[in-house]
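Working notes, beginning with the structure itself.
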Amino acid sequence: MTDVFTQSPKELEQFLKFMEKDLENVRRVISFCREKDLDNEFMVHAKSETVEESAENVGIEEEKIVKTLIFKAGEEFVAVLCPGDKRVSEQKLEEITGENVRMANPDEVKENTGYIIGGVSPFDLNVSTFMERSILEHEEVKPAAGSRVVGVTVDPEELEQALNANVAELT
């Protein structure tokens with residue numbers, strides 16, 4: 001991967017719009033990572049709205065992309081970290097939480113995390129966090145850093161510790 005990428009004026013304007021909208025959340029992620037003394041690296045990439053786009057844009061396998069999904073479990077919201085190539089089993093999540101679960105809608109995600117769909121980061125959340133066990137099989141993984149154009153590379157064990165995540169089989 002190169003340190004430089006080129007964009008047309010239209011692409012650059014679109015990128016800047018994303019960054020203006022996401023700047024506070026990206027700074028929030030940076031602060032959290034510094035506070036937890038995480039050994040990580042941030043990556044600015046083309047806009048990614050799917051795991052496939054994200055994997056292609058950053059040159060990584062889909063299973064190393066970490067989706068942060070927000071569910072409503074009973075009356076509480078929870079975050080679930082899931083490999084990009086897998087789906088969360090709501091039945092397993094219900095067994096673990098002891099509550100009926102459903103995927104949160106975009107407004108609930110924004111209201112309860114401050115992040116928008118596609119850029120939900122696992123960092124600096126005020127909800128219980130669950131991590132799919134298979135994420136720990138990798139040397140490094142890439143969750144979103146509060147934006148659809150910024151990701152972060154992190155050791156999954158450091159991620160688990162920093163988030164105080166509950167590890168379980170969730171897919």
* Restricting attention to region 24-57, report how many residues are basic (Lys, Arg) and exposed (fewer than 13 other Cβ atoms within 10 Å of the Cβ). => 2
* To do: Among the residues of region 14-23, write down those that are surrounded by fewer than 13 Cβ atoms within 10 Å (Cβ to Cβ) and either on the phi > 0 side of the Ramachandran plot or touching a residue at least 12 places away in the same chain (Cβ under 8 Å) (or both).
  => none
* Out of curiosity, is LEU163 touching a Ser or Thr at 6+ places or on another chain (Cβ under 6 Å), within 30 Å of PHE15 (Cα to Cα) and buried (at least 16 other Cβ atoms within 10 Å of the Cβ)? -> yes
* Asked: In region 88-119, what count of residues is obtained for those that are touching a Gly at 6+ places or on another chain (Cβ under 8 Å), within 16 Å of ARG28 (Cα to Cα) and not hydroxyl-bearing (Ser, Thr, Tyr)?
  -> 1
* To do: Give the residues of region 101-148 that are under 14 Å from GLU76 (Cα atoms), of a type in the set (D, E, K, R), touching a residue at least 12 places away in the same chain (Cβ under 8 Å) and assigned to a helix (DSSP H, G or I), sorted by residue number.
  => GLU108
* **One residue from ALA79, ALA104, ALA144 being farther than 27 Å from GLN14 by Cβ, buried (at least 20 other Cβ atoms within 10 Å of the Cβ) and among the small types (Gly, Ala, Ser)** => ALA79
* Any chance LYS72 is assigned to a loop (DSSP other than H, G, I, E, B) and in contact (Cβ under 8 Å) with a residue 24 or more places away in the chain -> no
* Structure fact -> Conditions (1) over 25 Å from ASN126 (Cβ atoms); (2) in contact (Cβ under 8 Å) with a residue 60 or more places away in the chain -> GLU62 fails only (2)
* Asked: Exactly one of (1) surrounded by fewer than 21 Cβ atoms within 10 Å (Cβ to Cβ); (2) β-branched (Val, Ile, Thr); (3) assigned to a loop (DSSP other than H, G, I, E, B) is unmet by THR153. Its number?
  -> (3)
* Can you tell me which residues in region 82-100 are among the β-branched types (Val, Ile, Thr) and either buried (at least 22 other Cβ atoms within 10 Å of the Cβ) or without any contact (Cβ under 8 Å) to a residue 60 or more places away in the chain (or both)? -> THR97
* Residue that is modelled with the lowest pLDDT, among those in region 17-51 that are part of a loop (DSSP other than H, G, I, E, B) and acidic (Asp, Glu) -> GLU49
* **Residues of region 130-141 satisfying the condition of being more than 12 Å from ASN40 (Cβ to Cβ) and surrounded by 18 or more Cβ atoms within 10 Å (Cβ to Cβ)** => PHE130, MET131, GLU132, ILE135
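The values are calculated or read from the model by the stated rules, or taken from the named source; none is laboratory data. Please read these numbers as outputs of a predicted model, since none were measured by experiment. Glycine gets a Cβ as well: all are built from the backbone with ideal geometry, and neighbour counts include every protein chain shown.
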